[in-house]
Structures are given as C-alpha cells and as structure tokens.
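Rule-based calculations on the coordinates, nothing more; no lab input. Owing to the predicted nature of the structure, the values given are computational and were not obtained by experimental measurement. With ideal geometry, Cβ positions are generated from the backbone for all residues, glycine too; neighbour counts draw on all protein chains shown.
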Amino acid sequence: MSPQTWVGLGGQALLLAGALSLVVRRFAANSLPIRLLPIGIAALSLLPLGHLSPAAYLRGQFGDLSVSSMALLALATLSPLFGRDLLGDRTRRAFYPVVALVALLFYPFALGFTYFDPYAAGYGSFAMLGALAVLTLAAWLARQPVVVAILVIALAAQLAGALESSNLWDYLLDPLLAVYAMAWSLRELRTLARAARAPAPER
C-alpha cells in the first residue's frame, strides 16, 4: 500500500480511538489498562477481516479525514493517558467556532451555489496561503499553540503529499470535523444563552 493509503487508514483508526477515549475518560479514567484500550482497538482496526479491515471499511464510508481532524483525534486519544485534557476548553472556544464559520461559508460555495469556488483556491492559491498565514499569526498572538501546531502540521502534510488529495482544503477541513464543530458551537451558544437568562444571585 502507498503511504497515502496508510495515512488514510490511520485517520480512521484515530477516529475509533478518539471516540472510545471519550468514553474511557468519562467512566474509567483511573484504570491504565482501560485507558490503553482505545489505542489497542485502533491498532486492531488496521488488521484485515476478510477482504477489508475495519479501518478500510470506515474509509470507504467517510473518505479520508483531514490532518486537522487527525490531530484533534490524536489529542483526544492521548488525553486519558496523560490524565488531563490536552486540547482544553479555551482552545475549543477559539478553534471550533472558527471551523464552524468557515464550514458554513465553504461548503455552500464549494457545492456550486455561487459562481465563486473556494475549493479551487486550495491548489496553491496565494490568497489561500495568505489567509492561512493570518489565521496562524492570530492563533499565535492569542496564545493558542495547539491551533498553531495544527495549522502548521496541516500545511506541512500538504507539502509532503501525505493524503491522496493535493488540495490544501482537504488537509484543513472535512465534513465530520465541520459537523462536530457546528454541533459543539451550537451547544456552547445554548449554554451561554441559558447563563444569560439565569437570574442574578441575590446579595
């Protein structure tokens, strides 16, 4: 198999590991063998069962994950092992709303609802690279090293041809990440709205 195929399969294995790590962190965070379970299951998902491995089946259903998604899933998988949230709520509040907003703008345009196609800009456009540089600088100034690392790793992976696609958008964003970011942002908005409606404590 090509390196790009292994990266694609590895992304699906991380998807399994990241999902399982959420359960482990909530219900069995104090047991080291159980904390290692997501990584073990992710490794087993790469082994063939008949003609396809579970990771290959997931890849056929969802396609390749972006490097951003893989980085976030790796952090989620490793968090139970370190006994703390490696991403952090502050980073989530800085990252997911931006991803949700970009997705809301990107996908309708990319699907042909307008004459402007932002997906084409992912093939080496200076405007796209400039926008990415501005986002990276903004994240650095906001003291968001995890966001900076994700953006830099995504660009480096695109330059190295880590995925079968050569479009920078496919390294930064994918539908699963977009849906998750929008769901997280909506939940955060509801939480803020309830907090704003709550009566002030009496003094």
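Here are the numbers:
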item	result
Span-like helix ranges in the chain, DSSP H, alpha carbon extent 20 angstrom or more, Kyte mean at least 1.6	67-82, 126-141, 145-160
Relative contact order of the chain, pairs being alpha-carbon contacts under 8 Å that are 6 or more residues apart, as %	25 percent
Peptides ranked, highest mean first, by Cβ atoms within 10 Å: ranges 9-19, 34-44, 185-195	9-19, 34-44, 185-195
Candidates Val147, Val23, Val99, ranked by Gaussian network fluctuation over the chain, Cα under 10 Å, top entry	Val23
Listed peptides 69-78, 125-134, 54-63 by packing density, highest first (mean Cβ within 10 Å)	69-78, 54-63, 125-134
Between the stretch 35-98 and the stretch 128-167, the Cα center-to-center distance that results, in Å	19 Å
Two-decimal log10 I(q)/I(0) for the chain, as the Debye equation yields it once each C-alpha is a single scatterer, q = 0.13, 0.18 Å⁻¹	-0.81, -1.37
Per residue, the convex hull volume that the Cα atoms of the stretch 148-203 enclose (Å³)	89 Å³
The stretch 60-164: trypsin sites (Lys or Arg not before Pro) falling in loop per DSSP and having at most 15 other Cβ within 10 Å	Arg84, Arg143
Shape call, the stretch 88-194: gyration tensor on alpha carbons, a/c limit 1.5	oblate
Ranked Trp169, Trp184, Trp140, criterion: other C-beta atoms within 10 Å, fewest first	Trp140, Trp184, Trp169
Percent of Cα-Cα distances greater than 23 Å, calculated over the stretch 1-86	22 percent
